[in-house]
Amino acid sequence: MTAERESHMNNEHAISVNNVGMTFRSRDGEDTTVLKGLDFHVEPGQFVSIVGQSGSGKTTLLKTISGLLEPTEGHVLVKGRPISEGLKDIAMVFQGPVLLPWRNNIDNVLLPLEFRGARTNESRGYARELLEMVGLGDKAERYSYELSGGMQQRVAICRALVSHPELLLMDEPFGALDAMTRDSMNFEIQRIWQTTGCSILFVTHSISEAVWLADRVVVVGDRPGRIVADIVIDLPRPRGKEHRFSAAFSDYATEIESHIGVTTGIS
Ligand SMILES: Nc1ncnc2c1ncn2[C@@H]1O[C@H](COP(=O)(O)OP(=O)(O)OP(=O)(O)O)[C@@H](O)[C@H]1O
Ligand SMILES: [Mg+2]
């Protein structure tokens, strides 16, 4: 084991992103660098939001952390280990729901447990509880084509939660939801995070959602994607609606907006 690896293991960050870069090569051999020199850590139990312009590389970053993509530079450790060693307690919610059309909703929720051979007699009851929690108790035996886009995304969120992950990677999970459902999902995810103690990395386009949910907001600038700000959100927990209207909240939002503006050259 290298000294560098050993020191990471002793640190035991939930996620450790070390000088990560990603360059895609097109079919005609042209290279595009999407991420460059990203360095940050998420501590166990932390809720970290990531914001940035469309195309800045947020999804690419989440894919390198979950092991779906291998970075072309640097490395990622999850709980001190490379993801390639096969960690089980990590779940990802994608930008789209990606449900299997031939399985009903509750069977889609149960899928990760079946993959791991971890389904027990209690699993179905828990999957049903999760569907009830997101307001879909009466749709458990329905199929995804019978649901709206927002409902499908809620099924995908239940599928991520069913295995009690220690680390949850969420890529704009509430982007397709109407404002009211989104608000109630924000409360639910805060409650789930507080009761389970999992770590969450949460990508969103909504600055107010990012601030309201997170302990820290990381701003990714584009071309190539890199970290331009990492802001600690020092607001009390649990957070209620009133926090969205506090002076401290709007100061955070303004600060984050300024970082996104500066990096895009729009300002
Ligand atoms: N497999 C790939 N091959 C080539 N280019 C890619 C690939 N995946 C992503 N890209 C490019 O990388 C850049 C970042 O994409 P990514 O999906 O990570 O952005 P994003 O920040 O998640 O955007 P959005 O907010 O719109 O979801 C884009 O320019 C995209 O075209
Ligand atoms: Mg994306």
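The values are calculated or read from the model by the stated rules, or taken from the named source; none is laboratory data. Predicted model only: the values in this text are computed from it and were never measured. Reconstructed Cβ throughout: ideal geometry from the backbone, glycine too, with neighbour counts over all protein chains shown. The protein model used for the area step is the full one, side chains on, heavy atoms only, and it has no ligands, DNA or RNA in it. Shrake-Rupley method; radii C 1.70, N 1.55, O 1.52, S 1.80 Å.
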Handout entry: For the stretch 195-267, size of Cβ-based charge dipole, Lys and Arg +1, Asp and Glu -1, in debye
Key = 160
Fill in the blank from the handout: In order over the stretch 143-152: 3J(HN,Hα) from phi, Karplus 6.51/-1.76/1.60, θ = phi - 60°, whole Hz, x for each Gly or Pro, gives 10, 4, 5, 8, 10, 6, x, x, 5, 4
Fill in the blank from the handout: The size of the Cβ-based charge dipole (Lys, Arg +1; Asp, Glu -1) of the chain about the Cα centre, to the nearest 20 debye, is 480
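Mind checking the full-extension length gain between Arg103 and Ser148? Use 0.36 nm per residue of separation minus the Cα-Cα distance, one decimal, nm.
14.6 nm
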Handout entry: Given the chain, longest segment not containing exposed loop GluC sites (Glu not before Pro) (DSSP; at most 12 other Cβ within 10 Å)
Key = 142-267
Exercise for the section: Taking amide H positions as placed in the peptide plane 1.01 Å from N, state which residues far from Met170 in sequence (5 or more) or on other chains have amide H under 5 Å from it. Expected result: Val93, Leu201, Phe202, Val203
Practice task
Find, among the chymotrypsin sites (Phe, Trp or Tyr not before Pro) in the stretch 41-122, those assigned to loop by DSSP (not H, G, I, E, B) with at most 11 other beta-carbon atoms within 10 angstrom.
Solution key: Trp102
Handout entry: Carbon + sulfur, % of accessible area of the chain - ligands and nucleic acids excluded, 1.4 Å
Key = 51
Fill in the blank from the handout: In terms of the charge dipole of the chain, which places +1 on Lys and Arg and -1 on Asp and Glu at the beta carbon, the residue among Ser144, Cys158, Leu201 farthest towards the positive end is Ser144
Problem - Å² per residue, accessible surface of the chain at 1.4 Å - result: 47
Completion exercise
A student applying the Cα gyration tensor rule (rounded when a/c is under 1.5; otherwise prolate if a/b is larger than b/c, oblate if not) would label the stretch 192-267 oblate
Fill in the blank from the handout: Sorted by chain and number, the residues with a modelled amide H under 5 Å from that of Leu35, at a separation of 5 or more or across chains, are Met22, Gly225
Problem - In order through the stretch 32-49: 3J(HN,Hα) via Karplus (6.51 cos²θ - 1.76 cosθ + 1.60), integer Hz, x for Gly, Pro - result: 10, 8, 9, 10, 8, x, 7, 9, 6, 10, 10, 8, x, x, 7, 10, 10, 9
Practice task
Take every DSSP beta bridge whose two residues both sit in the chain, then give the antiparallel share in percent to the nearest 5.
Solution key: 55
Problem - Charge dipole (the chain, unit charges on Cβ, about Cα centre) - positive-most of Gly125, Ile260, Gly225 - result: Gly125
Completion exercise
Residues whose modelled amide H sits under 5 Å from the amide H of Ala229, counting only those 5 or more places away in sequence or on another chain, are Val219
Exercise for the section: Under a cut-off of 29 Å between alpha-carbon atoms, report the lysines in cross-link reach of Lys36, not counting same-chain residues fewer than 8 places apart. Expected result: Lys58, Lys63, Lys79, Lys88
Fill in the blank from the handout: Karplus ³J(HN,Hα) for the stretch 200-215 (6.51 cos²θ - 1.76 cosθ + 1.60, θ = phi - 60°; Hz, whole; x = Gly/Pro) runs 10, 10, 10, 8, 8, 8, 8, 5, 5, 4, 4, 5, 4, 7, 9, 7
Practice task
Return the aspartates and glutamates within reach of Lys241: Cα separation strictly under 12 angstrom, same-chain partners fewer than 8 residues apart disregarded; answer none if there are no such residues.
Solution key: Asp183, Glu209
Handout entry: Of Ser49, Ser16, Ser84, the one that fluctuates the most in a GNM where the chain has Cα springs shorter than 10 Å
Key = Ser84
